[in-house]
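Comments concern the structure below.
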């Protein structure tokens with residue numbers, strides 16, 4: 001019985017012939033993402049803006065529309081309401097109120113009163129948290145630092161494992177993926193919180209894994225085909241790893257799509273970031289990281305080969 005194969009074992013697709021178009025498209029997308037970030041910014045969640053988080057348990061499935069209407073009438077500013085794991089678990093996020101801790105507590109009391117008037121049956125308050133401006137500011141700095149350190153660590157790892165040309169190419173591809181992910185959240189207005197930082201760090205790891213697979217085959221072929229032209233060798237290396245890259249991306253995507261549609265609102269932003277990250281990570285390992293070696297040159301027997 002023949003096995004189904006999404007991609008044949010041997011392909012001869014001339015990926016490098018599309019490198020100029022890919023560079024132009026990638027450059028425009030990165031510039032557009034940075035422009036959106038500077039002009040429109042991100043829809044920061046309470047983690048980064050500060051505010052009140054209340055987790056509520058109800059006896060019966062909660063009517064989110066009724067709760068949303070009741071809390072909207074309180075004029076507390078931005079209020080986000082979503083299911084938290086099950087229909088009887090509700091997560092409420094309220095914009096930080098002007099004033100000190102007393103003002104935040106007054107807002108919580110008003111929310112509890114509105115919920116008592118709206119929800120029938122017993123109500124349990126499982127968590128009430130306040131995130132102040134100082135803490136949220138520290139979280140922003142910690143998130144940016146985590147992303148920066150992860151990219152630097154990846155650069156050092158690739159530098160030691162391969163050559164500096166590979167390291168530069170990998171880091172540019174990673175920055176490309178991070179920039180496009182931020183651009184996605186800027187243009188869609190999806191909430192940007194700590195879970196998205198975790199998603200970006202995961203994207204960095206996933207994209208680097210794809211890139212290392214391609215680079216490892218490039219290094220192997222550099223030793224095997226010493227007289228082969230660099231463009232032909234890079235095409236060969238990408239095609240050699242295409243089946244593995246495609247199948248890994250497909251199986252990962254199937255799991256992420258299931259989480260996106262059936263995992264609930266709590267992890268929807270995370271899974272959206274991951275789905276996008278798998279797409280751009282696979283794209284960048286083929287159309288950004290590998291073609292950059294042609295521009296940077298690669299080390300053959302201690303001499304740098306310049307691109308034509």
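The values are calculated or read from the model by the stated rules, or taken from the named source; none is laboratory data. As the structure is a computational prediction, the values presented were derived from the model and not from experiment. Positions of Cβ are generated from backbone atoms using ideal geometry, with glycine treated the same way; all protein chains shown enter the neighbour counts.
With the requirement that a residue be modelled with pLDDT of 85 or more, surrounded by 11 or more Cβ atoms within 10 Å (Cβ to Cβ) and over 11 Å from residue 71 (Cβ atoms), what does region 92-115 give you?
105, 106, 108
Give the residue, chosen from 110, 96, 68, that is within 28 Å of residue 192 (Cβ to Cβ), free of Cβ contacts under 8 Å to residues at least 24 places away in the same chain and not assigned by TED's automatic domain parsing to the domain that holds residue 194.
Details: 110 fails: free of Cβ contacts under 8 Å to residues at least 24 places away in the same chain; 96 fails: free of Cβ contacts under 8 Å to residues at least 24 places away in the same chain.
Going through 110, 96, 68 in turn, just one is within 28 Å of residue 192 (Cβ to Cβ), free of Cβ contacts under 8 Å to residues at least 24 places away in the same chain and not assigned by TED's automatic domain parsing to the domain that holds residue 194: 68.
When you scan region 68-84, how many residues do you find that are surrounded by 12 or more Cβ atoms within 10 Å (Cβ to Cβ), under 19 Å from residue 106 (Cβ atoms) and over 25 Å from the mean Cα position of the chain (by Cα)? Reasoning before the result, please.
So in region 68-84, the residues surrounded by 12 or more Cβ atoms within 10 Å (Cβ to Cβ) come out as 68-72, 74, 76-84.
Subset that is under 19 Å from residue 106 (Cβ atoms): 70-72, 74, 76-79.
Then keep just the ones that are over 25 Å from the mean Cα position of the chain (by Cα); that gives 70-72, 74, 76-77.
Summing the residues that are surrounded by 12 or more Cβ atoms within 10 Å (Cβ to Cβ), under 19 Å from residue 106 (Cβ atoms) and over 25 Å from the mean Cα position of the chain (by Cα) in region 68-84 gives 6.
Step by step: first the residues of region 140-184, then only those that are over 21 Å from residue 275 (Cα atoms) and in contact (Cβ under 8 Å) with a residue 60 or more places away in the chain, then the one that is nearest to the chain's Cα centre (by Cα). Which residue is that?
140
How about region 48-88: which of its residues are within 27 Å of residue 138 (Cα to Cα) and not in a strand (DSSP E or B)?
If the condition is that a residue be within 27 Å of residue 138 (Cα to Cα) and not in a strand (DSSP E or B), then 48, 49, 50, 76, 77, 78, 84 are the ones that fit.
Within region 253-262, is even one residue under 14 Å from the mean Cα position of the chain (by Cα), in a helix (DSSP H, G or I), farther than 30 Å from residue 141 by Cα and modelled with pLDDT of 90 or more? Give the steps one after another, and end with the answer.
Of region 253-262, the ones under 14 Å from the mean Cα position of the chain (by Cα) are 253, 256, 260.
Checking the rest, the ones that are also in a helix (DSSP H, G or I) come to 253, 256, 260.
From what is left, the residues that are farther than 30 Å from residue 141 by Cα are 253.
Next, from what is left, pick out any that are modelled with pLDDT of 90 or more: 253.
Within region 253-262 (the criterion being under 14 Å from the mean Cα position of the chain (by Cα), in a helix (DSSP H, G or I), farther than 30 Å from residue 141 by Cα and modelled with pLDDT of 90 or more), the answer is yes, since at least one residue qualifies.
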